[in-house]
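Colleague: My questions all concern the structure below.
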Amino acid sequence: MYTLICHLPLHNENMPFPVHRPRRLRVTESMRRLVRETHLEPDQLVLPLFVRPGEGVRNAISSMPGQSQLSIDQLVRECESVHALGVGGVILFGIPETKDEQASGAYANDGITQQAVRAVKKAVPDLIVMTDVCNCEYTSHGHCGKVVGHDVDNDATLEWLAKTAVSHARAGADMVAPSDMMDGRVAAIRTALDAEGFSNTPIFAYAAKFASVFYGPFREAAESTPQFGDRRSYQMDPANGREALHEMQLDLEEGADLLMVKPAGPYLDLIRQARDRFDVPIGAYQVSGEYSIIHAAAQNGWLDLDRAMLESLTSIRRAGAGVILTYFAPDVARALA
Ligand code: PBG
């Protein structure tokens, strides 16, 4: 015994090896499981779904393999199935029959999203139903608010957003998620919800939403590509991290209950900073482009689909996100079952 110790270096502070061998805890899958720090729970995943008018409609979205635009009857079936898999919630995006300059389909009481919320809450009451509160799917020009000249008028848009949020809450939405990036929209929505008797409806603010190329496939899915210009006068510059924290701080002060970072994978630094700084649930949206690049690479045989899915989402969780919006939600639930 004595001889053995004598052969080892005595001052290990300066020479940790061979005392420290991190590989000891990686020897078997059981050992790796025992010390694993981060887990994905289907409970905290939210599946985005696209709903359109019609009956029996399942329009495959070519840029997002496995995703479809669904009519309400098909949407209800999908929600029943994801609920059975243990997925925590869905977020609905409506594609109206017609679009106009006023986005009137966004806040109509019998609009496509409002009808969808009613149908899903009736069929699957325990599934959390969130709604995306925005105008771009409902405006003829594809911008997220009221266009005046060549820009979106912030304050005029707030009224549409507040009406939309109230109409979603009235239809039975469990939570509203404004994604428009107008200044002051959380306060406007909170005030309107409270005035209409929905003081218990939480607001999940897309607080740090960047003007990202990774929304490309979604715009095909939601038919919401801007007809002129882009969204850079309201969505954030991808270069700005401090500004993202400021946006989150403002949304919190205006009454947001949860804060979201979007996209997720390219913005892990902000998820971590938000987690460390704010004591509310932090969410992240793994957007369409993040989903589609994984699928495209897998289709080419360049990487394994399931492993890429799980690694990308585990990293988003490790960075500090609780709730994760992801098109992979049911696939993750199946993979973990
Ligand atoms: C609506 C909205 C968008 C997304 C969510 N809500 C599109 C956009 O801002 O252009 C993107 C979601 C995705 O890419 O998966 N404003």
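Computed from the coordinates by the stated procedures, all read-outs in this text should not be read as laboratory data. In this text the structure is predicted, and so the values were computed from the model without any measurement. No Cβ is skipped: glycine too gets one built from the backbone with ideal geometry, and neighbour counts run over all protein chains shown.
Colleague: Those residues that are under 13 Å from the mean Cα position of the chain (by Cα) and among the hydrophobic types (A, V, I, L, M, F, W, C), I need them from the range 177-213; list them, please.
Modeller: Pass one, the range 177-213, residues under 13 Å from the mean Cα position of the chain (by Cα): 177-179, 204-210.
Once the filter is applied, which keeps residues that are under 13 Å from the mean Cα position of the chain (by Cα) and among the hydrophobic types (A, V, I, L, M, F, W, C), the range 177-213 yields A177, F204, A205, A207, A208, F210.
Colleague: Okay, next question. Keeping to the range 83-119, report how many residues are within 18 Å of the chain's Cα centre (by Cα) and more than 26 Å from V166 (Cα to Cα).
Modeller: Going through the range 83-119 one residue at a time, the tally reaches 1.
Colleague: Go through the range 257-337 and tell me which helices (runs of 4 or more DSSP H), entirely inside it, have 2 or more residues that are within 16 Å of the ligand (Cβ to nearest atom) and polar (S, T, N, Q).
Modeller: Result: 288-299.
Colleague: Would you mention how many residues in the range 221-242 are more than 25 Å from V148 (Cα to Cα) and within 12 Å of the ligand (Cβ to nearest atom)?
Modeller: From the range 221-242, those more than 25 Å from V148 (Cα to Cα) are 221, 238-242; that's our starting set.
Now narrow it down to the ones that are within 12 Å of the ligand (Cβ to nearest atom): 221.
Looking only at that region, the number is 1.
Colleague: Same structure, new question: Hey, which of the helices (runs of 4 or more DSSP H) in the range 52-127, taking only ones fully inside, have at least 1 residues that are buried (at least 18 other Cβ atoms within 10 Å of the Cβ) and touching a strand residue (DSSP E or B) at 6+ places or on another chain (Cβ under 7 Å)?
Modeller: Helices (runs of 4 or more DSSP H) meeting the threshold: 72-84, 112-123.
Colleague: Does A222 meet the test of being under 22 Å from F278 (Cβ atoms), out of contact with any His (no Cβ under 6 Å at 6 or more places or on another chain) and in contact (Cβ under 8 Å) with a residue 40 or more places away in the chain?
Modeller: No: the conditions fail for A222.
Colleague: What number of residues in the range 293-337 are more than 17 Å from P42 (Cα to Cα) and in contact with a strand residue (DSSP E or B) (Cβ under 9 Å, 6 or more places away or on another chain)?
Modeller: Summing the residues that are more than 17 Å from P42 (Cα to Cα) and in contact with a strand residue (DSSP E or B) (Cβ under 9 Å, 6 or more places away or on another chain) in the range 293-337 gives 1.
Colleague: What are the residues in the range 167-219 that are among the acidic types (D, E) and within 15 Å of the ligand (Cβ to nearest atom), if any?
Modeller: Kept after step one, since they are among the acidic types (D, E), are these residues of the range 167-219: 174, 180, 183, 194, 196.
Passing the criteria: only D180.
Colleague: Just to be sure before I move on: is R231 touching a helix residue (DSSP H, G or I) at 6+ places or on another chain (Cβ under 8 Å) and of a type in the set (K, R) in the structure I sent? Walk me through how you get there before you give the answer.
Modeller: Working: touching a helix residue (DSSP H, G or I) at 6+ places or on another chain (Cβ under 8 Å): no; of a type in the set (K, R): yes.
Taking the combined requirement at face value, the residue does not satisfy it.
Colleague: Looking only at the range 76-91, count every residue that is free of Cβ contacts under 8 Å to residues at least 60 places away in the same chain and within 16 Å of the ligand (Cβ to nearest atom) and tell me the total. Talk me through it step by step, then tell me what you get.
Modeller: As a first pass, look at the range 76-91 and keep what is free of Cβ contacts under 8 Å to residues at least 60 places away in the same chain: 76-80, 83-84, 90.
From the residues that got through so far, the ones that are within 16 Å of the ligand (Cβ to nearest atom) too are 90.
Residues flagged as free of Cβ contacts under 8 Å to residues at least 60 places away in the same chain and within 16 Å of the ligand (Cβ to nearest atom) within the range 76-91 amount to 1.
Colleague: Let me ask something additional. Counting only residues that are more than 15 Å from the chain's Cα centre (by Cα) and within 16 Å of the ligand (Cβ to nearest atom), which one in the range 43-59 is nearest to A297 (Cα to Cα)?
Modeller: Only one residue tops the list, namely V51.
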